[in-house]
Every structure is written in structure tokens, then in C-alpha cells.
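The values are calculated or read from the model by the stated rules, or taken from the named source; none is laboratory data. The structure presented is a predicted model; accordingly, all values stated were derived computationally and were not measured. All Cβ positions, glycine included, derive from the backbone under ideal geometry; neighbour counts span all protein chains shown. All accessible areas refer to the heavy atoms of the entire protein, side chains included, with ligands and DNA or RNA removed. Shrake-Rupley method; radii C 1.70, N 1.55, O 1.52, S 1.80 Å.
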Amino acid sequence: QTRSLLGVFEEDAAAISNYINQLFQAMHRIYDAQNELSAATHLTSKLLKEYEKQRFPLGGDDEVMTSTLQQFAKVIDELSSCHAVLSTQLADAMMFPITQFKERDLKEILTLKEVFQIASNDHDAAITRYSRLSKRRENEKIKAEVTEDVYTSRKKHHQTMMHYFCALNTLQYKKKISLLEPLLGYMQAQISFFKMGSENLTEQLEEFLTNIGTSVQNVRREMDCEVENMQQTIEDLEVASDPLYLPDPDPTKFPAHRNLTRKAGYLNARNKTGLVSSSWERQFYFTQGGNLMSQARGDVAGGLVMDIDNCSVMAVDCEDRRYCFQITSFDGKKSSILQAESKKDYEEWICTINNISKQIYLSENPEEIAARVNQSALEAVTPSPSFQQRHESMRPAVQSRPPAARTSSTGSLGSDSAALSALSLDSLVAPDTPIQFDIISPVSEDLPGQAKSSGQSGRRTNPFGESGGSKPETEDSILHQLFIVRFLGSMEVKSDESPDVVYETMRQILAARAIHNVFRMTESHLLVTCDCLKLIDPQTQVTRLQFPLPNVVLYATHQENKRLFGFVLRTSGGRVESRQTSICYIFESNNEGEKICDSVGLAKQIAFHAELDRKASEKQKEIDRVKEKQQKELNKQKQIEKDLEEQSRLIAASSRSNQSCAEGQFVVLSSSQSEDSDLGEDVKKKRESE
């Protein structure tokens, strides 16, 4: 029964602890909010006092507003003091009692519960050991220790239990006190706060507030009257400005002013983002003396675009956009393509820049002088439909030509020099030569199975007729450098002895891309090895083209745009089968044109030294073969001599044997002659000869 009743009390204590925690959080929010209110009120009063120190760009010295805000700051400061007193009272009368109950009484219950549980467990363990004492062999010392342990644990358990039960009973009274004391303190603090507020808000303050309310109403009426006047003005302006809303108004109603020497307005500027890609940015442009300035939105001042003294300006066709014109500096090194919004602005900008380029703005009466040259300005406005002028206007960079072939900054004097340049460049690039803008991969033209098998073996078919069964050239190469490139085009050239061939090919390919609106480029990986140059598909790793390194006779980077590079490949065949042809390939890289050319140069040096080593090795092998052949001949001769000596010895031995045999026969013959003297003479001769 005690344990069951204890469980009910413990459950009630847990519920009280949970509820008190929630109530504590709510009261703490009230306390925090009051502190925040007090700090915010004090900050408001401080800012109102600092109003007179502010320097507003459109505000004058308003003494009435300053004195009014100072009065408000004084009242709000008093209210801030009242809020600070309220915060202190809430901390002492509301937060302190509930915090004490939460941190002291509830934690005491939890501590006593843990101690009671430990004492109960110790008592159970002592009783268990006492119950295990043997009745047969009793050890008085052990029995005394166990009995003492039971006595101590039972006493401790009983004392802990009484303190724990007392704390649980007392908790029921402390619960009521902890709930009522914070609420009593909160209400008393609020009553004190309202009393302080009623004492501070006197009748004099109420009269002040009434006057301020009247002033606010007067200001509101003035504002409404001003807004009504502004609305009427806006309506009048809308009616008068309706024709100006059109982006390209009627030129008959709004004619262009051709005698201007100053001009300002918004223009779209063409910015190159890639080799053939570009973006247009809208900026505010204006002329300042002999300079063309631009100012982006948000900038505090304009920046110099170019010096337009002695410059040339002409209408151009650019990316199928209307009202485009190009300004070229007097030295031809800098040009800018701009687009106007309307034909009126378009003509005015061209006329104004023409007038400034002739330095009319420096004269005493610039408008009269500008009227005299107005006819020449009109000629510059009308674009020429001829293909040659379009081709010249779409050339991306005049500076890419050799210095001797630069054109003049003026349009009238540039045609003769351009013709001379064309005559000199015909010796480099064949006229009417077709340009190939895309890569035709030999692998893609084969069967799919062939391409797959070649890809698995690491070998790719190439356009130079190499057999597929040979060993890959790059397998033993000591140089492997990979670059990301984009193919721009290739064309046949007549010479491969000067870098001017590469420069002129770049110019013609870029001009052709711009004229025919060819913007697509094939991205590849260029692998430079000691044997060849390979163009590899980045997706499938298939070799698109392969250029043997010995056939690469010339390579160069663009003189100004270091992203452009090209090389000339000398191949057999072409238009005439009996002669070799040279093809120039042009690429764009990620600012690595010089690195690629350096890599190709290094590869050719390595290949050259490798060829020298190979020739030296072959020569040494030939010498070794000659020495080996001579040694074999010498050994053969020695063997022949040895065989001859052996044969001579055999012959000598055989002759000695025959001689001894002949002597024996001669003795026998003599005896036979003595015995038989009657034999015939022929028989004797025969025996002697034998």
C-alpha cells in the first residue's frame, strides 16, 4: 500500500513539474517582452533627440519640427523609465518566486527520489545476503557483518523514506504558494506602472497632443492639394508626350537635326563574348568635346570610350539589327559598333560624330560650319548594298593583317590600300578557295561496328590512309598534352613558308563566318604527341582527325587574339594529283594558343632528336652488321685454312704410306726377277710401273 501510494504522489509531482515549466516559460516571455519594450522605448527617445543632428539632403532647418520631436523624446524617455521600473518589479515579484520553486523545490524532490531508490536497493541487497547465511556451519564474524549491514541499510532506508515522504507532502503546499506569488507580484507591478503613467500624463501633455493632431491634419490637407496638382500635370504631360512613346517616331513630324556638335542618349553597344558570339549592352552615351563617353546605370561619372577626333563613322549591317553604325578611331586600332533606338537618333548620332571628327566643335559658330558638311554626313548615313562593302564592314579585325597592308581610317582612302593588300594576299591564299566550317570525321563515315571496334582497340581511322593494323603512334610517345579547342574552319593555301598565311586564313574564315552567319563550332580535345596531332571527340573519345607531325610545316598564333591559332598541313594530292597541297586549319582555344604552339614546337623538337637518335642507332646497327659479317668471313676463312691444313696432313700421310708400299713391292720384284729370268719384258715393265 505504501509503494502504491508513493507512486500516486510521484506521478503528481511529475505533473506539477511539467506544468510549472510551462508556466515559467510563459512568464519568462512576459519578462523578456517587457525588457525589449523598455529597451526599444529608450532607443526611440534617443533617436528623437538626435533628429536635430541629422542632415537631410532635401530638408531645411525646421525648428518647429525639431522642438516638437524634442518634446516627444522627453515624454517617451519618462515612459521608458516607467518600463524599466516595471521590468525590475517583474523580475523581483514574478520571476524570482517561480524560479526558486522550479530550481530548488522540484530539484529537491528529484534528488530525494534518487536517494530513496538507492537506499531501497541497498536494503534489498542486505536482506538477500542475510537470507543466504548457512545454518550448519555458522561463522560468527560473517554473521555479525551481515547483521550489521542489514541494520545500517534498514535504518538508512527508513530515514530516507521519511524525508522523502515529508518533501512530497510539503510539495502540495509549495505548489499553491509558487502559483499565487508570481501572479500577485505581476498584478502589483502592473498597478504600480499604470499609477506612474497616470501621474506623468498630465493635462498639459494632453493639450500638447491635441495641438500636434491639428498640425498633422493641416499637413495632410496640404499634401492632398499638392498630389492633385501633380496628377493634373502628369495628365497634361502624357497627352503632350504621346507621340514620343513610339520607339521610332515619324521622321516627318520629328526631323533629325544634322548640325549638332553634342549628342547624348541611350545606345546598345556590341561586346564580343567569344570568337563569333557577341552580346549587346544598353548604356548612356554622350559626347564631351572630341571624346565619346559612356556611363552605366549606377555609375557616378562617365568613362572614355574612344577619341572621335579624325575618326570615321559609317552605317553597317550587324547581326540583322537595325540602325547600327560603326565608329573607327583615326589609327584604325579601335572600333565600336553601336545601335540607336530610332532612325532619328541613328541619323543624328552619325551626323554629330561626323561633325566632331572634323573638329567643327572648336570653331566659333559650329552649327553653320556643320550645315556646310551636312551633305557628306547624309552620304555616310545611307548604307551601301554591295557585297564588297558588306564584306569589308564585317571583317572582325583590320589589325590582323601585316603592317604594310593596314587600311586608312577614312572610308574614301581605304579602298586603294585594300586593293593592294588583296593583290599581295592572293599569293598566300588561292582565290575562290572553298572553306570547310565543320569537321568531317572519317570514323563517323564507317560502319558502326568498325567505329566501335576501333574505339576499343585504341586505334581510330584517319584521313591520311594509315593502316589499322599498325601499332598506335602515341603508345610510346613521351609527350602527351591535351587542350580544349573549337574548330573554326580550314581551307587550301598556296604557300606554307610564312606565318602571314595563317593570319590571312584566320581573317578570311572569320569574315566568311560573319557574312554567312555561321556560329556553330565543333569542340574537340587536341592531343599533341611526338608523332601526330589528334582531334578527339570529348564525348565518345573517338579520333576525329589525325595529323602526322612531320606534315605540320607551319603553326602560329594570332598576333593580338591569343585564343586563335592555326597550322598548315602539307599533304599529297589535292586539286592536282601530281603535286602536294597545303591546307591551313584554324582553331579557337581557351587562351592557350601560345601554349599549343609551344607544345607543337616541343613535339617537333623531340621528334627531330628522336629521328637523329634513330638514324644514329640504325647506323650503329649497320656497322655492327658489317663487323659481324667480316667476323663471319674471317671465321669461315680460318675454318677453310684449318680444313686445308687437315687435308694436307692427310695427303702427306697417304703419300708416305704409298711410298712404303711401293718399296716393298720393288723388293718382291727383284727376287722374282732373280728366280724367273725368263719372263717377258712387257711383264717386267708392268710390274715396275705398278
- For ILE30, are the conditions met, namely being in contact (Cβ under 8 Å) with a residue 60 or more places away in the chain, open to solvent by 60 Å² or more (accessible area, probe 1.4 Å) and assigned to a helix (DSSP H, G or I)? yes
- Message: For the range 170-190, check the following and say yes or no: at least one residue is open to solvent by 70 Å² or more (accessible area, probe 1.4 Å), more than 30 Å from TYR31 (Cβ to Cβ) and assigned to a helix (DSSP H, G or I).
- Response: no
- Task: Tell me which of these LEU275 doesn't satisfy, since it passes every other one: (1) assigned to a loop (DSSP other than H, G, I, E, B); (2) under 30 Å from the mean Cα position of the chain (by Cα); (3) farther than 30 Å from GLU592 by Cβ.
- Result: (3)
- Message: Can you say whether GLU36 is open to solvent by 60 Å² or more (accessible area, probe 1.4 Å) and under 56 Å from the mean Cα position of the chain (by Cα), as far as the supplied structure shows?
- Response: yes
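Tally time: how many residues in the range 543-562 are surrounded by fewer than 18 Cβ atoms within 10 Å (Cβ to Cβ) and within 28 Å of the chain's Cα centre (by Cα)?
3
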- Query: Out of curiosity, is LEU554 closer than 15 Å to SER495 by Cα, free of Cβ contacts under 8 Å to residues at least 24 places away in the same chain and of a type outside the set (Lys, Arg)?
  - Reply: no
- Message: For the structure I just gave you, tell me whether LEU260 is open to solvent by 40 Å² or more (accessible area, probe 1.4 Å) and either modelled with pLDDT under 85 or in contact with a Gly (Cβ under 6 Å, 6 or more places away or on another chain) (or both).
- Response: no
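For the structure I just gave you, tell me whether ALA653 is modelled with pLDDT under 85, out of contact with any helix residue (DSSP H, G or I) (no Cβ under 9 Å at 6 or more places or on another chain) and either in a helix (DSSP H, G or I) or open to solvent by 70 Å² or more (accessible area, probe 1.4 Å) (or both). Step through it out loud before you land on a result.
Values: modelled with pLDDT under 85: yes; out of contact with any helix residue (DSSP H, G or I) (no Cβ under 9 Å at 6 or more places or on another chain): yes; either in a helix (DSSP H, G or I) or open to solvent by 70 Å² or more (accessible area, probe 1.4 Å) (or both): yes.
In short, yes.
Every residue, every condition in (1) under 30 Å from LEU37 (Cα atoms); (2) free of Cβ contacts under 8 Å to residues at least 60 places away in the same chain; (3) open to solvent by 60 Å² or more (accessible area, probe 1.4 Å), yes or no:
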| position | (1), (2), (3) |
| --- | --- |
| HIS83 | yes, no, no |
| ILE118 | no, yes, yes |
| SER134 | no, yes, yes |
| VAL146 | no, yes, no |
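Here is a list: SER582, SER648, SER677, SER599. Which entry is modelled with pLDDT under 85 and either of a type in the set (Ser, Thr, Tyr) or in a helix (DSSP H, G or I) (or both)?
Going through SER582, SER648, SER677, SER599 in turn, just one is modelled with pLDDT under 85 and either of a type in the set (Ser, Thr, Tyr) or in a helix (DSSP H, G or I) (or both): SER677.
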- Pairing a residue in the range 1-24 that is β-branched (Val, Ile, Thr) with any residue that is in a helix (DSSP H, G or I) and surrounded by fewer than 16 Cβ atoms within 10 Å (Cβ to Cβ), where Cβ atoms lie under 9 Å and the two sit 6 or more apart in sequence or on different chains, gives ILE16/GLN172
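Tally the residues that are modelled with pLDDT of 85 or more and of a type in the set (S, T, N, Q), restricting the search to the range 183-209.
3
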